[in-house]
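Below is one structure, written out as structure tokens, with a few remarks after it.
The values are calculated or read from the model by the stated rules, or taken from the named source; none is laboratory data. These numbers come from a predicted model, not from an experiment. So basically every Cβ, Gly included, is an ideal-geometry build from the backbone, and we count neighbours across all protein chains shown. All accessible areas refer to the heavy atoms of the entire protein, side chains included, with ligands and DNA or RNA removed. Shrake-Rupley method; radii C 1.70, N 1.55, O 1.52, S 1.80 Å.
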Amino acid sequence: MSYNPFVLPFSIGLVIVIILILWKYFRWVFSHEKAEQKKIVKLIFSFKIFSVIKEIFMEVLLHRRIFKINPVLGYMHSSFAFGWFLLILGGTVESKLHSHHAFNMFYEPIFFKFFSHNINGFPFANGFKFLMDLILLYILSGLVLAMVKRLYKRMFGMKKTTKLRLVDKLALTSLWCIFPLRLLAESLTSAQYHNGGFLTDNFGNILAAILPVNQLEYPAWWAYSIALGVFFVMLPYSRYMHIPTEMVLIILRKAGFKTEKKYTGFSRVEVQSCSRCGVCLDACQVYSATQRNKMLPAYFLQSVRFNKKGKQGLTDCLMCGRCQEVCPVGIGVNAIRRVKRNEVFDEKGAEFEYLKDSDSKTKKADVIYFAGCMTHLTPTIKKSMVNLFQKADVNYWFMDEDASVCCGRPLQVLGKEKDANILADKNRELINNSGATLLVTSCPICYKIFKEEYNLNIKIQHHTEYLNELVNSGKLKPVNLNFSAVYHDPCDLGRGSGIYSQPRELLSKISITNKLENEKEMALCCGSSLANLPAGFDDKELMAIKAAEELCKSNPDYLITACPLCKKTFVQACNERKIGKNVKVKDIAEMLAEAVM
Amino acid sequence: MADFGYKIQEDRQINYDSNDRTLFYFLKRVEPSISLCIGCGTCSATCTVGQFTQFDLHKIMLYVRRGEKVHIANEIKKCMLCGKCSLVCPKGINTRNIIFQTRKFLHSNK
Amino acid sequence: MSKSVIVIGGGIAGMEASAYLSAMGFNVTLFEKDEKLGGHLLNWERLFPTKRLGSEVLTFLKKGMDDKIKVHTNTNITKINSENGKYFVTNHNNEIFEADALLITTGYDLFDARRKEEYGYGIYDNVITSAELETMFLSGKPIVNKQGKVPKRIGFVHCVGSRDRKVGNVYCSKVCCVTAVKQATEIREHLPDCETYCFYMDLRMYGAKFEELYNEAQEKYGVTFIRGRLSEANETIDGSLLVKVEDTLVGRPLKMTVDLLVLMVGFEPSKGTKDIARILNLSTNSNGFIEVVDEHTLTNVTNQKGVFVAGTTTSPRTITNTIYDARAAAAEIACYLNLYTIESRVKN
């Protein structure tokens, strides 16, 4: 057995980190109920485990999703993760072949060159020399990119990178030191014993020409070991916790874990899986319009992780979900944000006693039409819907024609779940009493809560789905109006509910639809989302103008959307004074009503 | 004591010398747009809750300004936060945040 | 040879300024995009605050237009070049006109009420604009709604497209309040049985005889004034309109059905104003109107030397003020062209 005291910092660090993270993971997993824990066992003994392994390999090591976002950024991340993995793997095999033992001390592969000066005499010895140096070079190239990234973010397709905490800076410094120190230590050794490959050998020779290598070799190995040890000890407290945690996240997610209404152990796994890579920063429209940054997922998750209440910019978020779409780790930020809003705001209840006295007039009908509060401010939409119902000869009841109770989602998105439930109860009573089999709404905000929280026994459709069906079944026969249009996906309808194809199919029958830079999953938010509380008129206008500029780039005849709030917002923005041109804004229902006239 | 039929009457006046306007100053800090209100009443006219109760946002905002907190503590709870008022406000006041922050303030300063 | 001035826009300001400039001996050429001179005045029957006929004012303006003024109607400007202090104006027929100074009087357009969707203009039959009501007055035909019914109740909505950040116009259009009061009294004259209601945020009765008209409207004509801004209008089955408003003085919500809803549309810089501003690179203010160099002292001077403005090209104003402004602009141009020493006060 080879031993030298310099391996101690590394060894102690490694033992500490393993104990710490395992303790954390067990605590988190065991905070879940037994039934849920069983899901993990079930997953491990099923074929699904192969897909878990594949995903871990693809995401944790290769960083496939980051590659998709930006190849250079992907290369940088994978060089660290995959490179380091290969270095450990290669080192282990090499050291085992060299020692002819299946078991050796865990630090031996790490400090192999120090202990083994003569590394010939086993199969592929020279190949290994070459390979190990190549891997080291691979990592070092990534390191150079990481350093450049701190200076030139744009090269990586990023406008901003995340700011670092002190622990992160320490961890980052030690991480950045590890591989250059390894290069230095191995080169200094190779300079004396010629046991290095193309990189360390040549670099060693250069060093030998100018430095007293025999005196520097030993301190260099100490420094390498200390850098590793420091990094390991810092890891559980720094953003690098994401390295092991992402694997746990993939396993739990595949087992069916999800953050829903409570902040669970799984939520903690999600939160700690955030590497603060910063990809979400550029996706955030609040940030790009206002330069406020507290609500950015990277910082929000950080403040959740370290339990900093009130510092999270909790309400300053549109919950549009764009950040979730780009997150390479797939963290469900919106759900975590909602849970956190609940924790802070849910108890301060509202007073809806008056709803008990309000009359609950219900009309028997086949289809209920719920326009939604906002639709009353865009009467063209509701008039078009009424026209289309009549054209298609539908027996419908306009539920909120005169007075209405809010659907509850505006309260729910602010974390006032209990209040929202009172409103939902009232509406549910009205809906159930009508005997209808279908509920159609014009508002994606209402649509989402009807679908997800109301537990209704009847079918729920947004008017885009419903009208598309009416056209497909021949009940409505539109003519093609042949105008050029762009379609804006409302957040709660698109990303929020996955309704992408129906409006596009419907629109394709009456217009020529232009392609957009950001659409479907990456569609921009209009900026007026009710989930954001502090964004005032100016902030919203800024966001609307930025979005409108992008949407109207192709100079379409119409900007079509499917949400009264988006429509109202864009009507204000799509004019000469704001975006330099006038583009008409209409809801898809209005357009269809014109097409079936 | 003999009852002469007299009672101490509550002061009907808005007493600007003694009223506590901390809520208004708080709101001015967290949501400065409250200062823009001209009391046109559009918010109250469109209000979803106004159909069921006497909840009246423009009046609440006036009371807040005048330091008449008593009148609003119960009223402010009736809002459904649907946001119609902020859509129609001609001054672009962030009414929803005003209501939210008022509730927060009254809750923590009970 | 006397110096020449080109006036662009043949409305009130353009006509009055041309008259004065011509009388002062300048060669004046007036361009107008429409068939007739007179601008918006052509569409207005009676004028506030005295309800005298608009045609009388138009006649007065026409009388000032002497034979020396070269008037080109149905003319659009496509290009303006400047060289050595002279301006060369190209029209749509590629004819080039030369001038020593330009006066821009392209004026305003009325706010497109469809942009205020919740009020239902263009959606509901019986929501009309103040300009459309004026057309009804001018036609001399009986006042009826779209269903041919004589209205029993008419609502006037103030500040449509004015003082409203949501449509991007923060300014007051200055004439709508008094126009609403005028039109409400006229309705009462035409239809004595018809109730009239004005829904306002503030009543701005600042001009001479405005307050008197307001008093008369209350006392003599029984117009009801309700302080509250409309949030939305809804159509009922018979085509009348249900309006929702907060009666802010009572402090309670109010709803009311009206047979006709008149939207008092405000002023916006006209298309012509925006086009000319672009062609001449004139600076505009945040509202889109042309910016003058000093709002107190140089009210007709623009950022381009030799280019002057008058009337509603710079901000909403009444006919009275437009006529003042046109004469002021004529004086300013005369000083500029004749190099009066007083002109040295202008720094640009």
*Order by protection proxy (mean Cβ within 10 Å, highest first), peptides A:563-570, A:179-186, B:35-42*: A:563-570, A:179-186, B:35-42
_Packing-based order for A:585-591, A:28-34, A:219-225, using average beta carbon neighbours within 10 Å, highest first_ = A:585-591, A:219-225, A:28-34
_If the reach is capped at under 16 angstrom between alpha carbons, list the aspartates and glutamates near C:Lys3, excluding any in the same chain fewer than eight residues apart._
C:Glu83, C:Glu98, C:Asp100, C:Glu332
*Highest first, please rank the peptides A:445-451, A:465-471 by the mean number of other Cβ atoms sitting within 10 Å of their residues.*
A:445-451, A:465-471
*Using +1 on the beta carbon of Lys and Arg, -1 on that of Asp and Glu, and nothing else charged, what's the dipole of the stretch C:113-267 about the Cα centre, debye to 20?*
380 debye
_So if I restrict to the alpha-carbon atoms in chain A, what is the Rg, and what is Dmax, the biggest pairwise distance, in Å?_
29.7, 95
*Non-local Lys pairs in the stretch A:1-153, i.e. 8 or more apart or on different chains, that have alpha carbons under 14 Å apart*: 4
*Theoretical gain in end-to-end length, A:Leu89 to A:Asp425 [0.36 nm per residue, Cα-Cα removed]*: 115.1 nm
*Under the rule of -39500 (n - 2.57) per DSSP H run of 4 or more residues, summed and divided by the residues of the protein assembly as shown, what mean residue ellipticity at 222 nm is obtained, to the nearest 500 deg cm²/dmol?*
-13500 deg cm²/dmol
*asked:* If you take each beta carbon of peptide C:161-167 and count the beta carbons of other chains within 10 angstrom, what is the mean?
replied: 5
_Straight-distance crosslink candidates among aspartates and glutamates, where the alpha carbon sits under 16 Å from A:Lys416 and sequence neighbours closer than 8 are dropped_ = A:Glu260, A:Asp316, A:Glu343, A:Asp346, A:Glu347, A:Glu351, A:Asp425, A:Glu452, A:Glu453
*What FRET efficiency comes out for the pair A:Leu8/A:Asn472, r = Cβ-Cβ distance, R0 = 60 Å, nearest 0.05?*
0.25
*Of the accessible area of the stretch B:22-108, with the probe set at 1.4 angstrom, what percent is carbon plus sulfur?*
56 percent
*Across peptide A:382-389, what mean number of C-beta atoms from other chains lies inside 10 Å of a residue's C-beta?*
1
*Could you work out how far apart the two model spin labels at C:Asp275 and A:Val479 are, taking each label as a point 7 Å from the Cα in the direction of the beta carbon, and quote it in nm?*
3.2 nm
_Rounded to two decimal places and with Rh computed the Kirkwood way over Cα pairs, what is Rg over Rh for the stretch A:505-557?_
1.06
*Can you give the convex hull volume per residue for the Cα atoms of the protein assembly as shown, as a whole number of Å³?*
278 Å³
*asked:* Restricting the calculation to Cα positions, tell me the Rg (one decimal) and the Dmax (whole number) of the stretch A:400-486 in Å.
replied: 15.7, 48
_Quick check: residue separation of C:Glu343 and C:Ser283 times 0.36 nm, minus the Cα distance between them. What number comes out in nm?_
19.5 nm
_the stretch C:113-267 - Kirkwood radius from inverse mean 1/r over Cα pairs (Å)_ = 15.5 Å
*All-pairs Cα distance distribution in the stretch B:22-108, expressed in whole percent, bin size 10 Å*: 19, 59, 22, 0
*For the protein assembly as shown, with the dipole built from +1 on Lys and Arg beta-carbon atoms and -1 on Asp and Glu ones, taken about the Cα centre, which of C:Gly122, C:Thr135, C:Tyr336 lies farthest toward the positive end?*
C:Gly122
*Treat each spin label as a single point 7 Å out from the Cα along the C-beta direction, and report the B:Phe4 to A:Lys163 distance in nm.*
6.7 nm
*asked:* Under the rule a/c < 1.5 gives rounded, and otherwise a/b versus b/c splits prolate from oblate, where does the stretch A:506-597 land using the Cα gyration tensor?
replied: prolate
*Net charge over other residues, Cβ less than 13 angstrom from the Cβ of C:Lys51 (K, R count +1; D, E count -1)*: -1
_Inter-centroid distance (Cα atoms) of the stretch A:433-504 relative to the stretch C:124-167, Å_ = 36 Å
*asked:* At R0 = 25 Å, how high is the FRET efficiency between B:Arg21 and A:Asp538 if r is their beta carbon distance? Nearest 0.05 is fine.
replied: 0.45
_Over 33 Å apart: what share of the alpha carbon pairs of chain C falls there, rounded to a whole percent?_
33 percent
*What Rg and what Dmax come out for the stretch A:1-121 when only alpha-carbon atoms are used, in angstroms?*
18.8, 55
*asked:* Between 0 and 90 degrees, rounded to the nearest ten: what's the tilt of helix C:271-280 against the longest Cα principal axis of chain C?
replied: 30 degrees
*Picking from A:His100, C:Thr312, A:Asn205, whose Cα lies most toward the positive end of the charge dipole for the protein assembly as shown (charges on Cβ: Lys, Arg +1; Asp, Glu -1)?*
A:His100
*Roughly speaking, what is the centre-to-centre gap between the stretch C:280-295 and the stretch C:1-39 when only Cα atoms are used, to the nearest Å?*
21 Å
*How large is ³J(HN,Hα) for each residue in the stretch A:395-401, as worked out from phi by the Karplus curve 6.51 cos²θ - 1.76 cosθ + 1.60 (θ = phi - 60°), to whole Hz, x for Gly and Pro?*
7, 10, 10, 7, 4, 10, 5
*Nearest-20 debye value, the stretch A:228-278 charge dipole, Cβ charges on Lys, Arg, Asp, Glu*: 180 debye
*Could you size up the charge dipole of the protein assembly as shown around its Cα centre, putting +1 on the beta carbon of Lys and Arg and -1 on that of Asp and Glu, and report it in debye to the nearest 20?*
2720 debye
*Across the residues of C:111-118, average count of Cβ atoms on other protein chains within 10 Å?*
3
*Between helix A:8-30 and chain A: long-axis angle, C-alpha atoms, 0 to 90°, nearest 10*: 30 degrees
*Calculate, for A:Glu594 and C:Lys146, the FRET efficiency according to 1/(1 + (r/R0)^6) with r their C-beta to C-beta distance and R0 22 Å; round to the nearest 0.05.*
0.65
*Which pairs, out of C:Lys174/C:Lys271; A:Lys520/A:Lys553; B:Lys91/C:Lys146; C:Lys152/C:Lys182; A:Lys308/A:Lys340, put more than 22 Å between their alpha-carbon atoms?*
B:Lys91/C:Lys146
_Cα long-axis angle, helix A:71-99 against chain A (0 to 90 degrees, to the nearest 10)_ = 40 degrees
*Given the alpha-carbon gyration tensor of the stretch A:399-557, what are the semi-axes of its equivalent ellipsoid in whole angstrom, ordered largest first, with each equal to the square root of 5 times an eigenvalue?*
29, 24, 12
*When the Cα centres of the stretch C:88-103 and the stretch B:47-80 are compared, how far apart do they sit, in Å?*
61 Å
_Computed lengthening from A:Asp357 to A:Trp176, 0.36 nm per intervening residue step minus Cα-Cα distance_ = 58.4 nm
